[in-house]
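So the structure is just underneath, and the comments pick up after that.
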Amino acid sequence: MTPSISACFEFMEIYEMPAHIRDHSIMVERIAAILTAALQEAGATLSLEKVRAGALMHDIAKSLCFGSGEDHSAKGREICIRHGLDEIAEIVGEHVRLRNPLLEGPVTEKEIVYYADKRVNHDAVVSLEERLEYLIERYGKGLESLSRAIADNFRICKGVEKKIFSTLRFEPEDLSEMVRGKGEVAK
């Protein structure tokens, strides 16, 4: 099942999602919805409902994993499965790292949420380069191996970006302005 937008906000309450993570998730949803609508217009077969719900729920387990070292994407996938949200479980579970990235073929809902998450730092739309710099500083812990893994993931994300924008009539740098024109998330 795919949860409604209002159900996503209820889950945010149930799992005590902090306001700053909620704000981040809302911005990820805005970007993901813009990309999905544009891709649909270009002929892609995608579920806007899955994308919106996956984006809103992608960090549902983040507060549960603060300090524990647990993988919040795996924990989020478990939460989705526990609540019968099978249709978005993989989107949530792979929003940090795509398990089997396919840089050919149709764009998937999972790739859209993965990419949208990489374009939002806190609640601001940023370039992939800016987000990469922040994540290395925040999560690289000064370790070359962690920093390299984060950078490798962003190389994959660059490929996903190219795949997403190959059929669109706007560029990645246009997203920031497009998001400003999009209103509040309807609950």
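Among 68, 73, the order by Cβ neighbours within 10 angstrom, fewest to most, reads 68, 73. Put in line by how crowded their Cβ is, counting other Cβ atoms within 10 Å and starting with the fewest, 158, 110, 75 read 158, 75, 110. Close lysine pairs were tallied over segment 42-168: pairs 8 or more places apart or on different chains with Cα atoms under 14 Å apart number 6. Could you state the number of Å between the C-alpha centres of segment 25-93 and segment 144-162? Taking the Cα centre of each part, segment 144-162 and segment 25-93 sit 20 Å apart. Taking amide H as placed 1.01 Å from N in the peptide plane, residue 120 has its amide H under 5 Å from the amide H of 126, each at least 5 places away in sequence or on another chain. What are the equivalent ellipsoid semi-axes of segment 36-187, built from the alpha-carbon gyration tensor (square roots of five times its eigenvalues), in whole angstrom, biggest first? They are 23, 20, 15 Å, listed from largest to smallest. Over segment 5-180, what relative contact order in percent results from Cα pairs under 8 Å that are six or more residues apart? Taking the mean separation of contacting Cα pairs over the length of segment 5-180, I get 23 percent. Per residue, the convex hull around the alpha carbon atoms of segment 106-187 comes to 113 Å³. For the chain, adding -39500 (n - 2.57) for each run of n ≥ 4 DSSP H residues and dividing by the number of residues yields -19000 deg cm²/dmol at 222 nm. Computed as a quarter of the hull surface, the mean projected area of the alpha carbon convex hull for segment 79-128 stands at 4.3 nm². With neighbours defined as other Cβ atoms within 10 Å of a residue's Cβ, the residues 30, 155 order from fewest to most as 155, 30. Taken one residue at a time, the phi angles of segment 7-12 give Karplus couplings (6.51, -1.76, 1.60, θ = phi - 60°) of 5, 4, 5, 5, 4, 4 Hz. Gly and Pro are set to x.
3J(HN,Hα) couplings calculated from phi for segment 128-133 with the Karplus curve 6.51 cos²θ - 1.76 cosθ + 1.60 (θ = phi - 60°) are, in sequence order, 4, 5, 5, 5, 4, 4 Hz; Gly and Pro show x.
Largest GNM mean-square fluctuation among 19, 124, 37, using the chain with Cα springs under 10 Å: 19.
Coordinate-derived values only; no laboratory data. A quick note: this is a predicted structure, and the numbers were derived from the prediction, not measured. Note: ideal-geometry Cβ built from the backbone for every residue, glycine included; neighbour counts use all protein chains shown.
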